[in-house]
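First up is the structure itself, then whatever we jot down about it.
The values are calculated or read from the model by the stated rules, or taken from the named source; none is laboratory data. These numbers were taken from a predicted model, which means no experiment stands behind them. Please note: Cβ atoms are built from the backbone with ideal geometry, for glycine as well, and neighbour counts cover all protein chains shown. Surface areas here come from the heavy atoms of the whole protein model, side chains and all, with no ligands, DNA or RNA. Shrake-Rupley method; radii C 1.70, N 1.55, O 1.52, S 1.80 Å.
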Amino acid sequence: MAFSFLYHLLFVKKYVPLLKIILKNNRTMNQANKLTQVPETMLITLWAKATENNHPKPLLKDPKAAEIISKIDYDFSKFKKASFSQAGVCIRASLIDKQAAAFIKAHPDAVVIQLGAGLDARYERLGCPEVTHWYDLDLPEVIALRKQCFTETDRYSFLAMSLFDDAWMHLITAFHKPILVIVEGVLMYFDRQQVQAFFKKLCQELSQPTTIVMDILAYSLVGHAKNHDSLGAMQKNDRPEFKWSEKESQLIEQWHPYLHLDKEYFMSDYNQGRYPFIFRVLYKLPYFYKRFNQRVVQFSIVKR
């Protein structure tokens, strides 16, 4: 029963069965009506970040999320009880923001690409850094919506394609600058073989010094999407499954000799009392801490 309760409450992810959304203003409503569908959990993560702005001690400040959410005609009240997931989304985003900021400080001429960007405002949260270029990549229907909410510039632009399309890899290597790849809330929906092939492709195609910042799903959640607080409410035939995680982050190093694990952060260490009491107690147990904790990790591609 305790494990079922855990599965029911743990973190919100991206790319679930798709819902149409309509933006309130006329200009964007016409565009939204032309879209096929967009991931509902893209809206959940947006809601989580917008809601956090109202907290007295926010884990993350994201005024752009609040601005966007005010333009979307959608019943966000259905998520009001998902306090665990809401905090988890913000902890994850905050940890990745800090790693991205540190990388850019060390490499101000970097090229940055965020895969599966959704409606995330990381570029704005980091103060629109004057890097060589920043790309936000997602599927065409998501980028169509993103263009209604964000403005591209000569340093900041969008790519409408799959993260498995190697065209973006060729694009960013052409700059001959240090590379930062951000992957948040995406890879858990692909199986191990696909994720492994993705990393091998990165190692083969990215010739410049490269850093990858990403999250890894709590290991015990694989195969249990039906118990998730948001995914569990979806129709069985529409609900995606959590397919991939690793119990040990270091195992990813075995996929390619160029891969090196630099940093690892267990998200429960940064919850600041926001997780439910029972989980804060359980996370003190090594078994629980290791298997039921989402992680943010940083890898480097070091060509020897």
Name the pairs: first residue in segment 246-258 and among the charged types (D, E, K, R), second residue at pLDDT 95 or above, Cβ to Cβ under 6 Å, at least 6 apart or on different chains?
Glu253/Leu259; Glu253/Leu261
Filter result (over 23 Å from the mean Cα position of the chain (by Cα) and either crowded, with 19+ Cβ neighbours inside 10 Å or within 18 Å of Ser220 (Cα to Cα) (or both)) within segment 244-279
Tyr258, Ile278
Of the conditions (1) touching a strand residue (DSSP E or B) at 6+ places or on another chain (Cβ under 8 Å); (2) over 30 Å from Gln272 (Cβ atoms); (3) open to solvent by less than 60 Å² (accessible area, probe 1.4 Å), Asp166 satisfies every one except a single condition; which number is it?
(1)
In segment 190-225, how many are closer than 17 Å to Asn293 by Cα and either surrounded by fewer than 15 Cβ atoms within 10 Å (Cβ to Cβ) or not β-branched (Val, Ile, Thr) (or both)?
10
Could you please tell me which pairs satisfy a Cβ distance under 6 Å, a separation of 6+ or placement on different chains, a first residue in segment 54-71 that is over 17 Å from Asp97 (Cβ atoms), and a second residue that is open to solvent by 30 Å² or more (accessible area, probe 1.4 Å) and part of a loop (DSSP other than H, G, I, E, B)?
Lys71/Lys24
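Tell me the helices (runs of 4 or more DSSP H) entirely within segment 38-115 that contain at least 3 residues that are open to solvent by 20 Å² or more (accessible area, probe 1.4 Å).
On the way: elements: 40-52, 63-69, 83-106.
Ranges flagged: 63-69, 83-106.
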Members of segment 159-214 that are closer than 18 Å to Ile252 by Cα, at pLDDT 95 or above and in contact with a Leu (Cβ under 6 Å, 6 or more places away or on another chain):
Val183, Val195, Thr211
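Here is a check on your reading of the model: is Leu159 open to solvent by less than 60 Å² (accessible area, probe 1.4 Å) and touching a residue at least 60 places away in the same chain (Cβ under 8 Å)? Lay out the reasoning, then the answer.
Details: open to solvent by less than 60 Å² (accessible area, probe 1.4 Å): yes; touching a residue at least 60 places away in the same chain (Cβ under 8 Å): no.
Taking the combined requirement at face value, the residue does not satisfy it.
Would you mind stating whether Leu171 is open to solvent by 60 Å² or more (accessible area, probe 1.4 Å) and over 16 Å from the mean Cα position of the chain (by Cα)? Walk me through how you get there before you give the answer.
On the way: open to solvent by 60 Å² or more (accessible area, probe 1.4 Å): yes; over 16 Å from the mean Cα position of the chain (by Cα): yes.
Yes, satisfied.
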Pairs with Cβ under 6 Å, 6+ apart, first in segment 285-304 and hydrophobic (A, V, I, L, M, F, W, C), second open to solvent by 50 Å² or more (accessible area, probe 1.4 Å) and not in a loop (DSSP other than H, G, I, E, B):
Val297/Glu264; Val302/His260
Just one listed residue, out of Glu141, Glu130, is in contact with a Ser or Thr (Cβ under 6 Å, 6 or more places away or on another chain), open to solvent by 10 Å² or more (accessible area, probe 1.4 Å) and more than 22 Å from Tyr270 (Cβ to Cβ), and it is Glu141
